[in-house]
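> Would you mind keeping the following structure in view while I ask a few things?
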Number of protein chains: 2
Amino acid sequence: MKVAIFGIGLIGGSAAKDLRTANFCTEIIGVGRSEASNNKALELGLVDRIVSKEIAVQEADVIILTVPVNSLIQELIFVLDNIQSHQTVTDMGSTKGIIIDAIKEHPNRKRYVASHPMAGTENSGPSAAISNLFKNKICIICDKENSDADAIANVEALYNTLGMRIKYMDAHQHDMHAAYISHISHISSFVLAATVLEKEKDEAAILEMAGGGFESTVRLAKSSPEMWAPIFQQNKNYLLEVMDTYIEKMYHFRNLINKNKDEELLHFMQEANEIRKILK
Amino acid sequence: MKVAIFGIGLIGGSAAKDLRTANFCTEIIGVGRSEASNNKALELGLVDRIVSKEIAVQEADVIILTVPVNSLIQELIFVLDNIQSHQTVTDMGSTKGIIIDAIKEHPNRKRYVASHPMAGTENSGPSAAISNLFKNKICIICDKENSDADAIANVEALYNTLGMRIKYMDAHQHDMHAAYISHISHISSFVLAATVLEKEKDEAAILEMAGGGFESTVRLAKSSPEMWAPIFQQNKNYLLEVMDTYIEKMYHFRNLINKNKDEELLHFMQEANEIRKILK
């Protein structure tokens, strides 16, 4: 089997590493976006060859799109326009509804499997690719009923090889859960970084005091803006809702401190503390 | 040398472990607040004996206060009222200005060294005590000039034994940096937990999607509310300032998404991303 990966960065590169180790395929061909990252991907042995997207769609049995979500629709349409009935295409993007809606009337819709492996680090690019990134994490496959059974089987085999646990969900449900849990986490971290950079003018103090919880809480703010800004834009509706709740809670917290409401402050924090029971 | 620890939880218990391993003292005596945690501290071998605070101040050469900051002033005054000129008392609290202000006229002020070892985990109680918690982290000693030189030397020896790097700071400077870096991190994490618990009614989804950045960003919300609420109250002035900046930034972020200001959103995130350069 031959696999093509569009976008050989953190996600695509990490998948390539594990697929190769597991002998999932005989060849991995890559479609990159810049000469520098293409050369890096070759040098690191993530892909065997760099090819044009035309060649990739001609040759590959399974095509994986790991480009940022703002380029995804365009690439997916290109692939579906050229795909044959024995080939499968999937994507690893963090939004699903807007992508699925964009191709829902495409005659080759059923060769596409919408998926989102919930894995990542704050790093990006081919050099950020690591082994076992996906292992034991959750992968969400959306709107399974709109894909051909053999395409679903191919994509399930792919994620099983990566060691993932597969869940099935409606695309809009996926986007809601992703906004309410993962995307708001990234946003709170970006806002924390922006706040600390504005208020704290002593960079040495930031580094020295980072051990007091800042470093881990701000980690996601190191994530690629080029990757994440389009995710926030595409998931706007659910995201605005959860951001409004976040702002409201932060105001409430502020007022409890400001007005010396000691009992209520403690109570608010004890309720938030319940997250312990869920994340055992 | 004999060391007394008031409050044998995560911080006091972890210090006890390392001091014992390093043979810093011949005996560690503990002053706990509940029978259950006293028994636990004895059972875990964190302390050799549990004693009353009167006995502790009579016997110990170095007294370490690791109680929550809302009990700290009262305990510190008790110790200073009874301390002899060969004894030293220090605290490990996360606020400094309000504590130092409360005892600044005390005749035994100079036997007190105000310090804040910047180390911790999200767990609490004697069972949370771990070895090497403090190793290679920063410890801040405040208003050094108001303590006797031999008291400072004792406390420096203590933190050197724990493997910490010592910095010196004015108490109010400490509180500002702590608010702007560490305390706002805790608050953003508590608010994230409160938000996700309110919006996301599917607990299984929280657990399944936690790997997408939520788990690490929300970690600090697992911290003890009884320990942290008093810190926020005591550091109120600096904290309200930085919370206001945080709220303003979050609103701005929200509006950039809402109004489809793609370029500005990317730019805002790229600026926040600069935190990478500081936290190399």
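> Only one of B:LYS96, B:LYS144 is among the charged types (D, E, K, R), over 23 Å from B:VAL47 (Cα atoms) and touching a Phe, Trp or Tyr at 6+ places or on another chain (Cβ under 8 Å). Can you tell me which?
Answer to the selection: B:LYS144.
> A follow-up question, please. Take the conditions more than 26 Å from the chain's Cα centre (by Cα), closer than 30 Å to B:ALA119 by Cβ and either charged (D, E, K, R) or facing chain A (nearest Cβ under 7 Å) (or both) and apply them to B:ILE206. Does it pass? Let's see the steps before the verdict.
Numbers: more than 26 Å from the chain's Cα centre (by Cα): yes; closer than 30 Å to B:ALA119 by Cβ: yes; either charged (D, E, K, R) or facing chain A (nearest Cβ under 7 Å) (or both): yes.
So B:ILE206 fits the description; yes.
> Filter segment B:223-259 down to the residues that are more than 7 Å from chain A (Cβ to nearest Cβ) and among the polar types (S, T, N, Q) and list them by number.
Listed by number, the residues that qualify are B:SER223, B:SER224, B:GLN234, B:ASN235, B:ASN237, B:ASN255.
> Confirm whether A:TYR238 is under 26 Å from B:ALA179 (Cβ atoms), in contact (Cβ under 8 Å) with a residue 60 or more places away in the chain and crowded, with 20+ Cβ neighbours inside 10 Å.
Numbers: under 26 Å from B:ALA179 (Cβ atoms): no; in contact (Cβ under 8 Å) with a residue 60 or more places away in the chain: yes; crowded, with 20+ Cβ neighbours inside 10 Å: yes.
No: the conditions fail for A:TYR238.
Rundown of residues vs (1) among the charged types (D, E, K, R); (2) away from chain B (no Cβ under 14 Å), yes/no style:
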position	(1), (2)
A:HIS106	no, yes
A:ILE130	no, yes
A:CYS139	no, no
A:ASP143	yes, yes
A:ALA149	no, yes
A:ILE152	no, yes
A:GLU156	yes, yes
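> Name, by its number, the condition in (1) within 23 Å of B:LEU19 (Cβ to Cβ); (2) not in a loop (DSSP other than H, G, I, E, B) that does not hold for B:HIS177.
It is condition (1) that B:HIS177 fails.
> Going by the conditions given, is B:MET164 without any contact (Cβ under 8 Å) to a residue 60 or more places away in the chain, more than 25 Å from B:TYR238 (Cα to Cα) and within 13 Å of another protein chain (Cβ to nearest Cβ)?
Considered against the rule, which asks whether it is without any contact (Cβ under 8 Å) to a residue 60 or more places away in the chain, more than 25 Å from B:TYR238 (Cα to Cα) and within 13 Å of another protein chain (Cβ to nearest Cβ), B:MET164 comes out as yes.
> Looking at (1) more than 7 Å from chain A (Cβ to nearest Cβ); (2) within 25 Å of A:ASN258 (Cα to Cα), can you tell me which one B:THR195 breaks?
(1)
> Also, quick follow-up: For segment A:181-201, give me the residue count where each residue is within 16 Å of B:ARG276 (Cβ to Cβ) and part of a loop (DSSP other than H, G, I, E, B).
Qualifying residue count for the region: 1.
> Filtering segment B:167-181 down to residues that are touching a residue at least 24 places away in the same chain (Cβ under 8 Å) and surrounded by 24 or more Cβ atoms within 10 Å (Cβ to Cβ), which residue is farthest from the chain's Cα centre (by Cα)?
This residue is B:TYR180.
> Would you point out which residue out of B:HIS86, B:HIS116 is modelled with pLDDT of 95 or more and surrounded by fewer than 21 Cβ atoms within 10 Å (Cβ to Cβ)?
Details: B:HIS116 fails: surrounded by fewer than 21 Cβ atoms within 10 Å (Cβ to Cβ).
Just a single option satisfies the conditions, and that option is B:HIS86.
> Conditions: (1) more than 30 Å from A:ARG33 (Cα to Cα); (2) within 31 Å of the chain's Cα centre (by Cα); (3) among the β-branched types (Val, Ile, Thr). A:ILE231 meets all but one. Number of the miss?
Looking at each condition in turn, A:ILE231 falls short on (1).
> Could you go through segment A:71-90 and let me know if any residue there is closer than 20 Å to A:ILE130 by Cβ and either without any contact (Cβ under 8 Å) to a residue 24 or more places away in the chain or touching a helix residue (DSSP H, G or I) at 6+ places or on another chain (Cβ under 8 Å) (or both).
No: zero hits.
The values are calculated or read from the model by the stated rules, or taken from the named source; none is laboratory data. All values derive from a computational prediction rather than experimental measurement. We place every Cβ from the backbone using ideal geometry, glycine too, and count neighbours over all the protein chains shown.
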